[in-house]
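Q: I have a structure here, written as structure tokens, and I will follow up with some questions on it.
The values are calculated or read from the model by the stated rules, or taken from the named source; none is laboratory data. Because the structure is a prediction, the values reported are computed rather than measured. Because the Cβ atoms are built from the backbone with ideal geometry, glycine has one as well, and the counts that use them run over all protein chains shown. We work out accessible area using only protein heavy atoms, side chains counted, and drop any ligands, DNA or RNA first. Shrake-Rupley method; radii C 1.70, N 1.55, O 1.52, S 1.80 Å.
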Amino acid sequence: MPSKEQILENLNPSQKEAVVYEGKSLLVHAGAGSGKTRILTHRIAYLIHQGVAPFQIMGVTFTNKAANEMRNRVRKLVGKEVWIQTFHSTCLKILKMEAGQEGIPSEFNIYDDQDQIVLIKECMKELRINDKQTNPKSVREAINRAKDQLKLPMDIELESSDYYETITAKIYKKYQEKMEQFKAFDFGDLIMKCVKFLESNEQARKHYQNRFTHVLIDEYQDTNKAQYELVKILTGPEGYITVVGDPDQSIYAWRGADIRNILEFEKDYLDSHAIKLEQNYRSTNNILKAANNVIARNANRKPKALWSDREDGNLINIYEAADEREESLFIVNQIKHYKSKGYSLKDMVVFYRVHAQSRVIEDSLRRQNIPYVIVGGVRFYDRKEIKDLIAYLKVLVNSEDEVSLKRIINNPTRGIGKKTLDIVNETKNQLGLSFYEALLRAHSIPTLTPKAKKSIALFSQMMERFKADRKGLSIEELIRRVLDQSGYLLQLQKEGTIESKSRIENIQEFITVVQEYEENHDSKSETFGLEDFLESISLETNLDQWSESDDCLTMMTLHTAKGLEFPIVFMVGLEEEVFPHVNSYGDNRNGIEEERRLCYVGLTRAMEHLHLSYASSRRMYGFTAQNLPSRFLSEIPSELYEYIPRIFSYGDDEFKPRNKVQKDDTDYFDLDIDLDEIKKQDQYD
């Protein structure tokens with residue numbers, strides 16, 4: 001166990017004050033790059049040093065990446081294991097421990113976004129609602145937001161004020177009925193079910209309040225109502241609570257986050273103490289001054305100003321492009337310039353407001369053979385072949401998972417078509433069976449053809465064999481048996497296309513994932529097997545799969561950027577209606593303020609070099625628009641940036657200013673360019 005002095009070593013005065021605070025409620029306003037993870041981990045270490053048992057401490061954050069980092073740091077500091085999980089993992093763990101209690105099935109599967117869409121479409125079909133007029137994805141978002149607010153179908157039904165809300169309430173009700181029937185939870189359910197259970201079960205509630213006497217919450221500004229209520233329940237009247245966050249980085253209102261949770265913390269916990277962390281350890285002072293000036297325009301915040309003991313650093317670079325193509329060429333040229341100066345590609349990132357902006361940049365990167373990775377594209381686990389394989393495993397864990405069952409029953413093709421499935425479905429409803437139970441009785445359904453009965457029997461027998469074999473096999477052995485005996489792998493091999501070969505490679509990579517999992521867990525044990533593996537991958541995000549060690553350029557939306565840092569940052573598309581996004585315009589200021597916070601997050605990711613760009617004309621979504629430069633650019637003091645107008649020379653290894661002139665206190669560079677040549681080389685776009 002380290003000494004108190006060792007735990008407090010190298011902390012600045014504000015950090016030290018937060019770590020040693022002994023009151024019940026602590027609010028830490030941790031500015032970007034101010035060491036919030038350091039605060040949380042050292043506070044946990046200090047609590048243990050002061051005699052708090054490790055098992056009485058609960059740490060909660062938002063991403064697996066952050067949770068892993070915090071756990072590792074605590075382990076390194078004090079050599080102890082502490083409950084540090086994401087909100088979803090925390091609730092899943094509680095639900096698993098309370099499995100079999102009222103409202104919590106003994107076994108359940110977790111549905112991801114795609115599973116939700118499949119089920120919503122099925123509900124709409126049964127309710128005879130046209131999915132061309134009512135978008136299933138919009139319904140999914142409405143259901144997710146309802147669960148974030150702890151609203152049940154009856155609540156939405158009572159609140160409905162128009163046709164769309166009434167339709168959504170009907171679908172939500174049918175959807176939730178099927179989720180309970182299939183013994184499945186979506187991500188919203190994990191938190192909502194946990195909160196509802198703890199609210200209604202006094203014994204369980206007191207158990208967890210007594211178990212976790214100290215609760216520490218990371219990124220508190222991003223909590224929604226359900227997460228807020230969970231924290232209140234777990235803390236209880238006697239518990240100690242520490243929340244760390246930054247109102248200036250609250251950027252997820254669109255998915256239910258409520259900035260009032262952190263702004264009104266001192267009203268919720270009247271005995272609380274607030275500390276500001278303003279010293280930044282990431283960025284140069286020019287970058288911080290720009291960020292401070294931008295965010296200062298927001299009214300809905302707690303005043304603070306980031307500062308650094310580093311030098312001022314380079315001026316921010318603002319580039320005006322003729323269009324999105326020229327903007328992408330500027331970025332590629334700058335990347336080549338930085339590489340020539342000794343930077344690696346992993347030192348650089350391109351941030352954009354929406355995914356649609358990435359396409360043109362990708363084209364330019366490919367032409368220059370610059371490797372890149374997009375964070376936030378199709379998840380590995382969302383690829384068809386991986387989803388198919390996971391569906392087989394889910395059915396082996398929970399045969400009542402109808403969504404997964406219907407995905408695999410004719411995959412690969414077994415001659416079990418839509419008409420056959422409709423007959424089985426009808427029988428299921430008539431007899432009050434699960435879909436799987438109806439399949440097992442298919443031989444006695446008179447309206448099925450002999451061929452259909454045989455196909456279903458072969459499938460059912462195969463699944464029963466897999467279920468019987470499961471206990472004696474490792475996860476890898478089980479997967480290989482499923483691939484072999486189901487005919488799935490053989491079908492891909494017979495196709496022989498480039499796409500099928502790519503799918504086989506993805507399956508092989510999935511087996512590698514399983515091997516790595518089994519190296520770290522005893523997969524044949526009663527407590528750590530297939531169910532736990534499926535849960536671990538269902539909670540993984542795009543950011544968890546991204547590796548900072550890969551030497552390639554990173555590209556991502558600004559909403560994915562929080563918590564990251566790069567020596568060189570490119571923020572593109574700073575135009576009105578692009579960023580700030582047109583959807584943020586409205587009668588109140590909340591939309592624009594959130595966009596400004598998003599800009600602040602982007603600016604504060606940069607450590608050394610920051611490039612901001614906008615285009616006079618931009619083609620996106622099939623339309624060409626001439627937008628004004630973003631208001632956020634005008635909020636940066638002129639002494640902090642270097643302005644470069646349309647002066648791009650295609651193919652140069654770097655910018656070569658020839659005649660520097662002064663105009664309106666702004667630096668301009670006159671370069672030799674040939675825009676016609678640029679257009680000619682890019683005419684095949």
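Q: Could you please report the charge total around Leu288, scoring K, R as +1 and D, E as -1 over all other residues with beta-carbon less than 15 angstrom from its beta-carbon?
A: On the way: positive: Lys276, Arg282, Lys289, Lys304, Arg310, Arg605; negative: Asp246, Asp248, Glu278, Asp309, Glu311, Asp312, Glu565, Glu608, Glu635, Glu639.
Residues near Leu288 contribute -4 overall.
Q: On to the next question. At 7 Å along the Cα-to-beta-carbon direction for both Gln508 and Ser138, put a label point, then send me their distance in nm to one decimal.
A: Modelled inter-label distance: 4.5 nm.
Q: If pairing requires two Cys Cβ atoms under 4.7 Å apart, which cysteines of the chain are left without a partner?
A: Cysteines lacking a close Cβ partner in the chain: Cys123, Cys552, Cys599.
Q: Can you give the longest stretch of the chain with no exposed loop site, where a site means chymotrypsin sites (Phe, Trp or Tyr not before Pro) in a DSSP loop (not H, G, I, E or B) with at most 13 other C-beta atoms within 10 Å? Mind showing how you got there, number by number?
A: Details: sites that count: Tyr585, Tyr621, Tyr684.
Between exposed loop sites, the widest span is 1-584.
Q: Which translational diffusion coefficient, to the nearest whole µm²/s, is obtained for the range 306-353 from the Stokes-Einstein equation, given a Kirkwood hydrodynamic radius over C-alpha pairs, 20 °C and 1.002 mPa s? The partial results should precede the final answer.
A: Details: Rh = 13.0 Å.
Translational D for this selection: 165 µm²/s.
Q: For the range 315-472, compute the orientation-averaged projected area of the C-alpha convex hull (one quarter of its surface), in nm².
A: With the hull built on Cα positions only, its mean projection is 16.0 nm².
Q: For the range 70-179, what's the relative contact order in percent, using C-alpha pairs closer than 8 Å and at least 6 residues apart?
A: On the way: 57 pairs, mean separation 19.4, N = 110.
Reported as a whole number, the value is 18 percent.
Q: Using Cα atoms only, what is the angle between the long axis of helix 498-520 and the major principal axis of the chain, expressed in degrees (0 to 90) to the nearest 10?
A: For helix 498-520, the angle is close to 90 degrees.
Q: Can you work out the Karplus-derived ³J(HN,Hα) for every residue in the range 395-410? Use 6.51 cos²θ - 1.76 cosθ + 1.60 with θ = phi - 60°, whole Hz, and x for glycine or proline.
A: The phi angles translate into 5, 5, 7, 9, 5, 8, 6, 5, 4, 5, 4, 5, 5, 9, 4, 10 Hz.
Q: Which one, Val19, Gly31, Ser538, is farthest towards the positive end of the dipole of the chain when Lys and Arg carry +1 and Asp and Glu -1 on their Cβ?
A: In the chain, that residue is Ser538.
Q: Rounded to the nearest 10 Å², what accessible area does Cys552 show when all protein chains are kept and the probe is 1.4 Å?
A: Accessible area of Cys552: about 20 Å².
Q: Could you calculate, for the range 201-247, the ratio of the Cα radius of gyration to the Kirkwood radius, expressed as Rg to Rh?
A: 1.00
Q: Another question, then. So how tilted is helix 450-470 from the main axis of the chain? Cα-based, degrees 0 to 90, rounded to 10.
A: Around 70 degrees separate the two axes.
Q: At 37 °C and 0.692 mPa s, grab the translational diffusion coefficient of the range 256-353 from Stokes-Einstein with a Kirkwood Rh over Cα pairs, rounded to a whole number in µm² per second.
A: Stokes-Einstein gives a translational diffusion coefficient of 189 µm²/s.
Q: Percent of Cα-Cα pairs more than 44 Å apart in the chain, please.
A: Numbers: 72148 of 234270 pairs.
That fraction is 31 percent.
Q: Angle check, please: helix 324-340 long axis (alpha carbons) against the longest principal axis of the chain (alpha carbons), in degrees 0 to 90, nearest 10.
A: It works out to around 80 degrees.
Q: Could you give each residue of the range 161-174 its phi-based ³J(HN,Hα) in whole Hz, using Karplus coefficients 6.51, -1.76, 1.60 with θ = phi - 60°, and x for Gly or Pro?
A: 10, 8, 4, 4, 5, 5, 5, 4, 4, 5, 5, 4, 4, 5
Q: OK, next. Can you tell me how the range 172-301 classifies by the Cα gyration tensor, rounded, prolate or oblate, using a/c under 1.5 as the rounded cut?
A: Judged from the Cα gyration tensor, the range 172-301 comes out oblate (a/c at least 1.5, b/c at or above a/b).
Q: Quick one: Kirkwood hydrodynamic radius for the range 7-102, alpha-carbon pairs, angstrom, one decimal?
A: Computed over the range 7-102, the radius equals 14.4 Å.
Q: While we're looking at this one, here's another question. Quick check on the chain: of the DSSP beta bridges with both residues there, what percent are antiparallel, nearest 5%?
A: For the chain, the DSSP antiparallel bridge percentage is about 15.
Q: Can you list residues from other chains, or at least 5 along the same chain, whose modelled amide H is less than 5 Å from the amide H of Tyr240?
A: His214, Val215
Q: While we're looking at this one, here's another question. First select every other residue whose beta carbon is under 10 angstrom from the beta carbon of Asn224; then total the charges, Lys and Arg +1, Asp and Glu -1.
A: Working: positive: Arg145, Lys147, Lys225, Arg255; negative: Asp148, Asp222, Glu229, Asp258.
That sum, taken over residues with Cβ under 10 Å, equals 0.
Q: Beyond a 25 Å Cα-Cα separation, which of these cross-linked pairs lie in this structure: Lys418/Lys471; Lys151/Lys394; Lys183/Lys494; Lys384/Lys418?
A: Too far apart for the 25 Å limit: Lys418/Lys471; Lys151/Lys394; Lys183/Lys494.
Q: What list of ³J(HN,Hα) values in whole Hz, one per residue of the range 266-281 in order, does the Karplus curve 6.51 cos²θ - 1.76 cosθ + 1.60 (θ = phi - 60°) give from phi, with Gly and Pro shown as x?
A: In residue order, the calculated couplings are 5, 7, 5, 10, 5, 9, 6, 10, 10, 10, 9, 10, 10, 6, 9, 10 Hz.
Q: A further question on this structure: What share of Cα pairs, in percent, lie more than 23 angstrom apart in the range 109-257? Don't skip to the answer; put the middle values down first.
A: Working: 4871 of 11026 pairs.
Taking all Cα-Cα pairs of the range 109-257, the fraction more than 23 Å apart is 44 percent.
Q: Something else now. Phe187: net charge of surrounding residues, Cβ under 9 Å, Lys/Arg +1, Asp/Glu -1, itself excluded?
A: -3
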